[in-house]
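Below you'll find the structure, written out as C-alpha coordinates, and then a few comments.
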Amino acid sequence: MTSETLRPSILFAALIAALAMAPVAPEAGNILFLAAGGLALLLVRPADLELVGRPAVWMPLTGLLILAVAYSIAAGGPNGLVGLMFVAPLVAMLPLIVAAGTGRDAPSPRLIPVLALCGSAGAAAVAIAEFSSTGSSRVGETVANPIHFADLALSVGFLALLGTALGRGHGRWFFLLAPLLATVAVLLSGTRGAVVALVAMSGTAVLAGVMVRLISLRQFAIGALVLAVVAIGAWAAGAGQTSGVQRVMTDIADVLRTGLPTDESTTLRLQMYEGGLNAFLASPIVGHGPINFVEAAASRASVRFEGAPHLHNDLADFAASGGIMGLIAYFLFLFAPLAEAMRTPHPETRKGLVVVSAALVLGYFVMGLTNAMFGILNLTVFYAAATLVVFVVGNAGGNHSRREPSLEQWAAQPSDNAASGSHPRE
(Lines give C-alpha, C1' and ligand atoms only; values in the text may rest on other atoms or scores of the structure.)
Protein backbone atom coordinates (compact mmCIF):
# COMPACT_ATOMS: atom_id res chain seq x y z
CA MET A 1 0.00 0.00 0.00
CA THR A 2 1.49 3.35 -1.07
CA SER A 3 1.33 6.58 0.91
CA GLU A 4 -1.15 8.03 -1.59
CA THR A 5 -3.60 5.19 -0.93
CA LEU A 6 -2.90 5.11 2.82
CA ARG A 7 -3.59 8.79 3.44
CA PRO A 8 -7.36 8.63 2.72
CA SER A 9 -7.74 5.78 5.20
CA ILE A 10 -5.86 7.73 7.87
CA LEU A 11 -7.99 10.81 7.30
CA PHE A 12 -11.20 8.83 7.40
CA ALA A 13 -10.17 7.16 10.65
CA ALA A 14 -9.36 10.56 12.20
CA LEU A 15 -12.75 11.98 11.19
CA ILE A 16 -14.63 8.95 12.52
CA ALA A 17 -12.70 9.22 15.78
CA ALA A 18 -13.38 12.91 16.39
CA LEU A 19 -16.92 13.27 15.04
CA ALA A 20 -18.70 9.95 15.54
CA MET A 21 -16.77 8.23 18.35
CA ALA A 22 -15.64 11.02 20.67
CA PRO A 23 -19.13 12.20 21.75
CA VAL A 24 -19.92 8.74 23.18
CA ALA A 25 -16.47 7.15 23.68
CA PRO A 26 -14.00 10.02 24.09
CA GLU A 27 -11.03 7.94 25.23
CA ALA A 28 -11.16 5.66 22.19
CA GLY A 29 -11.84 8.59 19.85
CA ASN A 30 -8.99 10.66 21.24
CA ILE A 31 -6.49 7.81 20.99
CA LEU A 32 -7.50 7.00 17.40
CA PHE A 33 -7.27 10.67 16.32
CA LEU A 34 -3.82 11.13 17.87
CA ALA A 35 -2.63 7.83 16.39
CA ALA A 36 -3.88 8.89 12.96
CA GLY A 37 -1.98 12.16 13.27
CA GLY A 38 1.19 10.34 14.27
CA LEU A 39 0.90 7.95 11.35
CA ALA A 40 0.21 10.84 8.93
CA LEU A 41 3.37 12.53 10.18
CA LEU A 42 5.42 9.61 8.84
CA LEU A 43 4.02 10.26 5.37
CA VAL A 44 4.90 13.96 5.16
CA ARG A 45 7.19 14.83 2.25
CA PRO A 46 9.33 17.95 1.60
CA ALA A 47 6.94 18.97 -1.20
CA ASP A 48 4.11 19.18 1.33
CA LEU A 49 5.67 22.24 2.96
CA GLU A 50 3.88 24.42 0.41
CA LEU A 51 0.77 24.09 2.56
CA VAL A 52 2.38 26.13 5.35
CA GLY A 53 0.83 29.25 3.84
CA ARG A 54 -2.72 28.03 4.52
CA PRO A 55 -4.38 29.54 7.64
CA ALA A 56 -5.33 26.06 8.89
CA VAL A 57 -1.59 25.31 9.06
CA TRP A 58 0.29 28.52 9.79
CA MET A 59 -2.06 29.85 12.47
CA PRO A 60 -1.97 26.78 14.77
CA LEU A 61 1.73 26.28 14.00
CA THR A 62 2.55 29.90 14.86
CA GLY A 63 0.46 29.63 18.01
CA LEU A 64 2.35 26.51 19.06
CA LEU A 65 5.72 28.20 18.47
CA ILE A 66 4.68 31.31 20.42
CA LEU A 67 3.40 29.16 23.27
CA ALA A 68 6.64 27.15 23.27
CA VAL A 69 8.72 30.32 23.61
CA ALA A 70 6.51 31.77 26.36
CA TYR A 71 6.43 28.55 28.36
CA SER A 72 10.19 28.01 28.03
CA ILE A 73 10.96 31.52 29.25
CA ALA A 74 8.43 31.37 32.10
CA ALA A 75 9.67 27.96 33.23
CA GLY A 76 13.31 28.98 32.92
CA GLY A 77 14.19 26.24 30.48
CA PRO A 78 12.95 23.64 27.99
CA ASN A 79 10.98 21.82 30.71
CA GLY A 80 8.26 24.40 30.00
CA LEU A 81 7.62 22.63 26.70
CA VAL A 82 5.68 20.01 28.62
CA GLY A 83 2.81 22.51 28.46
CA LEU A 84 2.43 21.82 24.75
CA MET A 85 1.00 18.42 25.69
CA PHE A 86 -2.23 20.25 26.54
CA VAL A 87 -2.65 21.19 22.89
CA ALA A 88 -1.16 18.01 21.42
CA PRO A 89 -4.21 17.39 19.16
CA LEU A 90 -3.35 20.58 17.26
CA VAL A 91 0.08 19.11 16.60
CA ALA A 92 -1.52 15.88 15.36
CA MET A 93 -3.85 17.89 13.12
CA LEU A 94 -1.06 19.44 11.04
CA PRO A 95 0.12 16.25 9.27
CA LEU A 96 -3.53 15.28 8.74
CA ILE A 97 -4.09 18.57 6.93
CA VAL A 98 -1.02 17.86 4.84
CA ALA A 99 -2.44 14.44 3.97
CA ALA A 100 -5.75 16.03 3.01
CA GLY A 101 -4.05 18.61 0.83
CA THR A 102 -1.97 16.19 -1.19
CA GLY A 103 -4.09 13.03 -1.32
CA ARG A 104 -6.07 12.69 -4.55
CA ASP A 105 -8.48 10.26 -2.93
CA ALA A 106 -9.25 12.07 0.33
CA PRO A 107 -12.56 10.99 1.91
CA SER A 108 -15.59 12.56 0.29
CA PRO A 109 -16.73 15.64 2.23
CA ARG A 110 -20.29 14.34 1.86
CA LEU A 111 -19.46 11.91 4.67
CA ILE A 112 -18.48 14.59 7.18
CA PRO A 113 -21.94 15.89 8.17
CA VAL A 114 -23.17 12.28 8.29
CA LEU A 115 -20.44 11.41 10.81
CA ALA A 116 -21.24 14.52 12.86
CA LEU A 117 -24.95 13.67 12.81
CA CYS A 118 -24.12 10.20 14.10
CA GLY A 119 -22.08 11.74 16.91
CA SER A 120 -24.96 14.06 17.85
CA ALA A 121 -27.45 11.18 17.83
CA GLY A 122 -25.13 9.12 19.99
CA ALA A 123 -24.79 11.93 22.54
CA ALA A 124 -28.57 12.40 22.69
CA ALA A 125 -29.07 8.64 23.13
CA VAL A 126 -26.55 8.54 25.98
CA ALA A 127 -28.21 11.54 27.65
CA ILE A 128 -31.70 10.07 27.42
CA ALA A 129 -30.58 6.59 28.53
CA GLU A 130 -28.65 7.97 31.50
CA PHE A 131 -31.48 10.24 32.56
CA SER A 132 -34.04 7.45 32.23
CA SER A 133 -31.99 4.95 34.23
CA THR A 134 -30.62 7.23 36.96
CA GLY A 135 -32.81 10.33 37.00
CA SER A 136 -29.63 12.38 37.25
CA SER A 137 -29.89 16.14 36.78
CA ARG A 138 -26.36 16.17 35.29
CA VAL A 139 -26.13 13.48 32.63
CA GLY A 140 -22.87 12.72 30.90
CA GLU A 141 -21.02 11.12 33.80
CA THR A 142 -20.95 7.76 32.04
CA VAL A 143 -19.08 9.35 29.14
CA ALA A 144 -17.13 12.28 30.57
CA ASN A 145 -17.54 15.29 32.79
CA PRO A 146 -21.12 16.57 32.12
CA ILE A 147 -19.70 19.94 31.05
CA HIS A 148 -17.31 18.42 28.54
CA PHE A 149 -20.01 16.02 27.36
CA ALA A 150 -22.41 18.89 26.63
CA ASP A 151 -19.77 21.14 25.04
CA LEU A 152 -18.66 18.41 22.66
CA ALA A 153 -22.20 17.34 21.76
CA LEU A 154 -23.13 20.93 20.93
CA SER A 155 -20.02 21.49 18.83
CA VAL A 156 -20.47 18.30 16.82
CA GLY A 157 -24.14 19.13 16.30
CA PHE A 158 -23.34 22.48 14.73
CA LEU A 159 -20.58 21.02 12.55
CA ALA A 160 -23.19 18.70 11.05
CA LEU A 161 -24.94 21.79 9.67
CA LEU A 162 -22.45 21.60 6.80
CA GLY A 163 -24.91 19.13 5.32
CA THR A 164 -27.60 21.82 5.30
CA ALA A 165 -25.35 24.72 4.34
CA LEU A 166 -23.69 22.95 1.40
CA GLY A 167 -26.31 20.45 0.27
CA ARG A 168 -29.09 20.78 -2.28
CA GLY A 169 -32.58 19.37 -2.38
CA HIS A 170 -34.96 18.71 0.47
CA GLY A 171 -32.65 16.14 2.05
CA ARG A 172 -30.32 18.86 3.29
CA TRP A 173 -32.83 19.87 5.97
CA PHE A 174 -32.37 16.47 7.59
CA PHE A 175 -29.10 17.70 9.11
CA LEU A 176 -30.97 20.27 11.18
CA LEU A 177 -31.70 17.33 13.45
CA ALA A 178 -28.08 17.39 14.64
CA PRO A 179 -28.23 20.61 16.70
CA LEU A 180 -31.68 19.57 17.98
CA LEU A 181 -30.24 16.26 19.17
CA ALA A 182 -27.30 18.11 20.69
CA THR A 183 -29.78 20.36 22.51
CA VAL A 184 -31.21 17.30 24.24
CA ALA A 185 -27.76 16.41 25.57
CA VAL A 186 -27.09 20.01 26.62
CA LEU A 187 -30.35 20.51 28.51
CA LEU A 188 -30.13 17.18 30.32
CA SER A 189 -26.49 17.80 31.25
CA GLY A 190 -27.37 20.95 33.22
CA THR A 191 -24.41 22.80 31.68
CA ARG A 192 -25.14 26.51 31.82
CA GLY A 193 -22.27 27.57 29.57
CA ALA A 194 -23.45 25.22 26.83
CA VAL A 195 -27.02 26.52 27.11
CA VAL A 196 -25.77 30.09 26.62
CA ALA A 197 -23.51 28.92 23.79
CA LEU A 198 -26.47 27.18 22.13
CA VAL A 199 -28.29 30.49 21.88
CA ALA A 200 -25.16 32.36 20.75
CA MET A 201 -24.22 29.76 18.12
CA SER A 202 -27.75 29.58 16.74
CA GLY A 203 -27.94 33.36 16.41
CA THR A 204 -24.50 33.53 14.83
CA ALA A 205 -25.32 30.82 12.28
CA VAL A 206 -28.54 32.56 11.26
CA LEU A 207 -27.00 36.04 11.15
CA ALA A 208 -23.97 34.87 9.19
CA GLY A 209 -26.22 32.94 6.81
CA VAL A 210 -28.26 36.04 6.09
CA MET A 211 -25.16 38.22 5.69
CA VAL A 212 -23.56 35.92 3.10
CA ARG A 213 -26.95 35.39 1.42
CA LEU A 214 -26.99 31.71 2.16
CA ILE A 215 -30.33 32.18 3.92
CA SER A 216 -33.06 34.06 2.11
CA LEU A 217 -35.63 36.23 3.86
CA ARG A 218 -38.30 33.65 3.06
CA GLN A 219 -36.24 30.89 4.65
CA PHE A 220 -35.53 33.11 7.65
CA ALA A 221 -39.25 33.72 8.20
CA ILE A 222 -40.15 30.06 7.78
CA GLY A 223 -37.29 29.01 10.05
CA ALA A 224 -38.33 31.49 12.76
CA LEU A 225 -41.88 30.16 12.64
CA VAL A 226 -40.76 26.53 12.81
CA LEU A 227 -38.38 27.33 15.66
CA ALA A 228 -41.15 29.03 17.60
CA VAL A 229 -43.42 26.01 17.15
CA VAL A 230 -40.64 23.62 18.18
CA ALA A 231 -39.75 25.75 21.22
CA ILE A 232 -43.38 25.89 22.36
CA GLY A 233 -43.76 22.16 21.86
CA ALA A 234 -40.53 21.42 23.71
CA TRP A 235 -41.54 23.67 26.60
CA ALA A 236 -44.93 21.96 26.80
CA ALA A 237 -43.14 18.59 26.81
CA GLY A 238 -41.07 19.62 29.84
CA ALA A 239 -37.92 21.22 28.43
CA GLY A 240 -38.37 24.07 30.89
CA GLN A 241 -37.97 21.57 33.75
CA THR A 242 -34.60 20.27 32.60
CA SER A 243 -31.60 21.09 34.75
CA GLY A 244 -29.98 23.15 32.00
CA VAL A 245 -32.90 25.55 31.70
CA GLN A 246 -33.56 25.63 35.44
CA ARG A 247 -29.97 26.52 36.31
CA VAL A 248 -29.86 29.30 33.71
CA MET A 249 -33.17 30.71 34.93
CA THR A 250 -31.87 30.70 38.50
CA ASP A 251 -28.78 32.59 37.38
CA ILE A 252 -30.88 35.17 35.56
CA ALA A 253 -32.99 35.69 38.70
CA ASP A 254 -29.83 36.10 40.80
CA VAL A 255 -28.39 38.63 38.37
CA LEU A 256 -31.58 40.68 38.39
CA ARG A 257 -31.70 40.57 42.19
CA THR A 258 -28.03 40.92 43.25
CA GLY A 259 -26.04 41.55 40.06
CA LEU A 260 -24.23 38.18 40.10
CA PRO A 261 -25.16 34.50 40.40
CA THR A 262 -24.78 33.40 44.01
CA ASP A 263 -24.21 29.64 43.72
CA GLU A 264 -21.01 28.07 45.04
CA SER A 265 -19.75 27.07 41.57
CA THR A 266 -19.96 30.64 40.26
CA THR A 267 -18.35 32.02 43.42
CA LEU A 268 -15.39 29.67 42.99
CA ARG A 269 -15.04 30.58 39.33
CA LEU A 270 -15.01 34.30 40.17
CA GLN A 271 -12.18 33.67 42.62
CA MET A 272 -10.27 31.86 39.88
CA TYR A 273 -10.85 34.67 37.39
CA GLU A 274 -9.67 37.27 39.88
CA GLY A 275 -6.56 35.24 40.63
CA GLY A 276 -5.93 34.66 36.93
CA LEU A 277 -6.15 38.38 36.19
CA ASN A 278 -3.77 39.23 39.03
CA ALA A 279 -1.36 36.50 37.90
CA PHE A 280 -1.41 37.93 34.40
CA LEU A 281 -0.72 41.45 35.68
CA ALA A 282 2.21 40.11 37.71
CA SER A 283 3.83 38.61 34.58
CA PRO A 284 2.06 40.07 31.55
CA ILE A 285 4.46 39.06 28.78
CA VAL A 286 5.15 35.33 29.27
CA GLY A 287 2.99 34.40 32.24
CA HIS A 288 3.96 31.83 34.87
CA GLY A 289 4.34 28.75 32.71
CA PRO A 290 2.12 25.68 32.24
CA ILE A 291 2.93 24.08 35.59
CA ASN A 292 2.76 26.97 38.06
CA PHE A 293 0.03 29.22 36.66
CA VAL A 294 -2.80 27.79 38.79
CA GLU A 295 -0.79 28.25 41.98
CA ALA A 296 0.18 31.74 40.82
CA ALA A 297 -3.51 32.56 40.42
CA ALA A 298 -4.58 30.91 43.68
CA SER A 299 -1.97 32.81 45.67
CA ARG A 300 -3.17 36.12 44.23
CA ALA A 301 -6.92 35.62 44.68
CA SER A 302 -8.62 37.48 47.53
CA VAL A 303 -9.93 34.09 48.69
CA ARG A 304 -7.49 31.29 47.96
CA PHE A 305 -8.84 28.25 46.11
CA GLU A 306 -7.40 24.74 46.18
CA GLY A 307 -7.23 21.68 43.96
CA ALA A 308 -8.14 23.28 40.64
CA PRO A 309 -6.46 21.76 37.54
CA HIS A 310 -7.15 24.95 35.56
CA LEU A 311 -8.95 28.28 35.95
CA HIS A 312 -12.20 27.29 34.21
CA ASN A 313 -11.69 30.01 31.61
CA ASP A 314 -9.62 29.84 28.43
CA LEU A 315 -8.66 33.51 28.58
CA ALA A 316 -7.53 33.19 32.20
CA ASP A 317 -5.64 29.95 31.51
CA PHE A 318 -3.71 31.31 28.54
CA ALA A 319 -3.12 34.72 30.14
CA ALA A 320 -1.86 33.34 33.45
CA SER A 321 0.24 30.60 31.88
CA GLY A 322 1.60 32.45 28.83
CA GLY A 323 0.86 36.15 29.30
CA ILE A 324 0.26 38.24 26.21
CA MET A 325 2.06 35.62 24.14
CA GLY A 326 -0.32 32.99 25.45
CA LEU A 327 -3.34 35.09 24.52
CA ILE A 328 -1.97 35.58 21.00
CA ALA A 329 -1.58 31.81 20.70
CA TYR A 330 -5.13 31.29 21.96
CA PHE A 331 -6.68 33.57 19.35
CA LEU A 332 -4.57 32.00 16.60
CA PHE A 333 -5.93 28.59 17.58
CA LEU A 334 -9.47 29.91 17.94
CA PHE A 335 -9.76 31.74 14.60
CA ALA A 336 -7.87 29.21 12.44
CA PRO A 337 -10.99 27.45 11.04
CA LEU A 338 -12.76 30.73 10.25
CA ALA A 339 -9.67 32.17 8.54
CA GLU A 340 -9.33 28.97 6.51
CA ALA A 341 -13.01 29.11 5.57
CA MET A 342 -12.59 32.63 4.25
CA ARG A 343 -9.76 31.40 1.99
CA THR A 344 -11.99 28.82 0.27
CA PRO A 345 -11.92 29.52 -3.48
CA HIS A 346 -15.39 28.24 -4.41
CA PRO A 347 -17.95 30.97 -3.51
CA GLU A 348 -20.87 28.76 -2.49
CA THR A 349 -18.67 26.43 -0.47
CA ARG A 350 -17.03 29.43 1.18
CA LYS A 351 -20.41 30.75 2.33
CA GLY A 352 -21.36 27.50 4.03
CA LEU A 353 -17.97 27.07 5.67
CA VAL A 354 -17.96 30.64 6.96
CA VAL A 355 -21.41 30.21 8.53
CA VAL A 356 -20.55 26.96 10.30
CA SER A 357 -17.03 27.95 11.35
CA ALA A 358 -18.22 31.33 12.67
CA ALA A 359 -20.76 29.53 14.87
CA LEU A 360 -18.08 27.13 16.12
CA VAL A 361 -15.57 29.91 16.85
CA LEU A 362 -18.09 31.92 18.85
CA GLY A 363 -19.34 28.79 20.58
CA TYR A 364 -15.86 27.81 21.71
CA PHE A 365 -15.21 31.34 22.92
CA VAL A 366 -18.48 31.49 24.89
CA MET A 367 -18.10 28.02 26.39
CA GLY A 368 -14.48 28.89 27.17
CA LEU A 369 -15.62 31.77 29.37
CA THR A 370 -16.87 29.38 32.07
CA ASN A 371 -14.78 26.27 31.45
CA ALA A 372 -11.52 25.33 29.77
CA MET A 373 -11.92 24.22 26.16
CA PHE A 374 -8.35 24.16 24.83
CA GLY A 375 -6.40 21.82 27.07
CA ILE A 376 -9.33 19.44 27.64
CA LEU A 377 -8.34 16.51 25.45
CA ASN A 378 -11.65 15.60 23.79
CA LEU A 379 -12.58 19.26 23.21
CA THR A 380 -9.16 20.07 21.77
CA VAL A 381 -9.35 16.99 19.55
CA PHE A 382 -12.69 18.17 18.20
CA TYR A 383 -11.42 21.67 17.42
CA ALA A 384 -8.42 20.19 15.64
CA ALA A 385 -10.82 17.99 13.67
CA ALA A 386 -13.09 20.96 12.88
CA THR A 387 -10.13 22.90 11.47
CA LEU A 388 -9.20 19.81 9.46
CA VAL A 389 -12.80 19.54 8.19
CA VAL A 390 -12.83 23.15 6.99
CA PHE A 391 -9.62 22.50 5.06
CA VAL A 392 -10.87 19.21 3.58
CA VAL A 393 -14.22 20.63 2.47
CA GLY A 394 -12.75 23.88 1.17
CA ASN A 395 -10.08 21.97 -0.73
CA ALA A 396 -12.49 19.33 -2.07
CA GLY A 397 -12.63 20.57 -5.66
CA GLY A 398 -10.12 18.70 -7.77
CA ASN A 399 -8.85 16.47 -4.97
CA HIS A 400 -11.22 13.58 -5.47
CA SER A 401 -11.20 10.73 -7.90
CA ARG A 402 -13.81 10.34 -10.60
CA ARG A 403 -15.64 7.80 -8.48
CA GLU A 404 -16.35 10.37 -5.74
CA PRO A 405 -17.94 13.72 -6.64
CA SER A 406 -16.45 16.79 -5.03
CA LEU A 407 -18.57 18.86 -2.64
CA GLU A 408 -19.08 21.47 -5.33
CA GLN A 409 -20.41 18.79 -7.69
CA TRP A 410 -22.65 17.47 -4.93
CA ALA A 411 -23.89 20.97 -4.11
CA ALA A 412 -24.56 21.66 -7.79
CA GLN A 413 -26.94 18.73 -8.19
CA PRO A 414 -30.30 20.18 -9.27
CA SER A 415 -33.15 20.17 -6.80
CA ASP A 416 -36.86 20.45 -7.40
CA ASN A 417 -36.74 24.08 -6.36
CA ALA A 418 -33.90 24.91 -8.72
CA ALA A 419 -35.74 23.27 -11.57
CA SER A 420 -38.80 25.36 -10.89
CA GLY A 421 -36.78 28.56 -11.10
CA SER A 422 -37.14 29.59 -7.44
CA HIS A 423 -34.35 30.77 -5.17
CA PRO A 424 -31.60 28.10 -5.17
CA ARG A 425 -31.60 27.90 -1.36
CA GLU A 426 -35.40 27.86 -0.91
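The values are calculated or read from the model by the stated rules, or taken from the named source; none is laboratory data. Keep in mind the model is a prediction, meaning the values are calculated, not measured. Glycine also receives a Cβ, built like all others from the backbone with ideal geometry; neighbour counts cover every protein chain displayed. These accessible areas exclude ligands, DNA and RNA; they are computed on the full protein's heavy atoms, side chains included. Shrake-Rupley method; radii C 1.70, N 1.55, O 1.52, S 1.80 Å.
Taking 8 Å as the Cα distance limit and 6 or more residues as the minimum spacing, I'd like the relative contact order of the chain as a percentage.
Numbers: 755 pairs, mean separation 101.0, N = 426.
After rounding, I find 24 percent.
Leaving out ligands, DNA and RNA, what percent of the accessible area of the chain is carbon and sulfur, probe 1.4 Å? Numbers along the way, then the final one.
Numbers: 12560 of 17970 Å².
The computed percentage sits at 70.
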Notebook entry, point to check: Taking the alpha-carbon centroid of each part, what is the distance from region 126-188 to region 319-394 in angstrom?
Noted result: 19
Check: Is the shape of region 220-375 best called rounded, prolate or oblate, per the rule: a/c under 1.5 gives rounded, else a/b larger than b/c gives prolate, else oblate, with a ≥ b ≥ c the square roots of the Cα gyration tensor eigenvalues?
Finding: oblate
Check: If you project the alpha carbons of region 73-132 onto their three principal axes, what span does each projection cover, largest first, in Å?
Finding: 51, 43, 10
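Express the relative contact order of region 1-130 as a whole percentage, based on alpha carbon pairs under 8 Å and six or more residues apart in sequence.
Details: 130 pairs, mean separation 54.3, N = 130.
Worked out over region 1-130, it gives 42 percent.
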Check: Between Ala35 and Leu225, what length comes free when the chain is fully extended (0.36 nm per residue of separation minus the Cα-Cα distance, one decimal in nm)?
Finding: 63.9 nm
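Please list Ile324, Ile232, Ile376, Ile16 from largest to smallest accessible area, probe radius 1.4 Å, with all protein chains kept in place.
Result of the area sort, largest leading: Ile232, Ile324, Ile16, Ile376.
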Notebook entry, point to check: For the residue pair Ile285 and Ala237, what label-to-label distance in nm results when each label sits 7 Å from Cα along the Cα-to-beta-carbon direction?
Noted result: 5.7
Next item on the list: Rounded, prolate or oblate: pick one for the chain, where a ≥ b ≥ c are the square roots of the eigenvalues of its C-alpha gyration tensor, a/c under 1.5 means rounded, and failing that, prolate if a/b is larger than b/c, else oblate.
Entry: oblate
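How much mean residue ellipticity at 222 nm does the chain get from its helices, if each DSSP H run of length 4 or more adds -39500 (n - 2.57) and you divide by all residues, to the nearest 500 deg cm²/dmol? Numbers along the way, then the final one.
Numbers: 18 runs with 284 residues, N = 426.
About -22000 deg cm²/dmol.
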Next item on the list: Could you pull out every residue, at least 5 positions away or on a different chain, whose amide H is within less than 5 Å of the one on Val286? Hs are placed 1.01 Å off N in the peptide plane, and Pro or chain starts have none.
Entry: Ile324
Item checked: Candidates Trp58, Trp173, Trp235, ranked by Gaussian network fluctuation over the chain, Cα under 10 Å, top entry -> Trp235
Next item on the list: Name the long-range amide H neighbours of Met373: under 5 Å, sequence gap of 5 or more, or other chain; modelled H, no Pro or chain starts.
Entry: Asp314
Check: In the Gaussian network model of the chain, springs joining C-alpha atoms below 10 Å, which of Ser202, Ser133, Ser243 carries the largest mean-square fluctuation?
Finding: Ser133
Margin query: How much accessible area per residue does the chain have, counting only protein heavy atoms and a probe of 1.4 Å, in square angstrom?
Written below: 42
Next item on the list: Take the alpha-carbon centre of region 192-230, take the same for region 1-80, and report the distance between them in whole Å.
Entry: 32
Notebook entry, point to check: Once you charge only the Cβ atoms, +1 for Lys and Arg and -1 for Asp and Glu, what is the size of the charge dipole of the chain about its Cα centre, to the nearest 20 debye?
Noted result: 880
Margin query: Using Cα springs under 10 Å in a Gaussian network model of the chain, which residue among Leu64, Leu162, Leu39 shows the largest mean-square fluctuation?
Written below: Leu39
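Taking all protein chains together and a probe of 1.4 Å, list Arg110, Arg218 from the most accessible to the least accessible. Write out the running numbers ahead of the final one.
Working: Arg110 95, Arg218 135 Å².
Descending accessible area places them as Arg218, Arg110.
Helix hunt in the chain: which complete DSSP H runs extend at least 15 Å axially by C-alpha with mean Kyte-Doolittle at least 1.0? It would help to have the intermediate numbers written out before the result.
Numbers: long enough: 3-15 (18 Å, 0.80); 26-41 (22 Å, 1.24); 55-75 (29 Å, 1.72); 88-102 (23 Å, 1.94); 111-134 (34 Å, 1.57); 146-159 (20 Å, 1.41); 177-189 (18 Å, 2.28); 192-211 (29 Å, 1.71); 217-236 (28 Å, 1.84); 243-258 (22 Å, 0.16); 264-282 (27 Å, 0.04); 314-342 (31 Å, 1.39); 347-367 (30 Å, 1.12); 377-394 (26 Å, 2.04).
Both cut-offs are met by 26-41, 55-75, 88-102, 111-134, 146-159, 177-189, 192-211, 217-236, 314-342, 347-367, 377-394.
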Next item on the list: Take Glu274, Glu264 and sort them by solvent-accessible surface of the protein heavy atoms, 1.4 Å probe, largest at the top.
Entry: Glu264, Glu274
Check: Want the number for Ala200 to Val82: 0.36 nm per residue separation, take away the alpha-carbon distance, what's left?
Finding: 39.1 nm
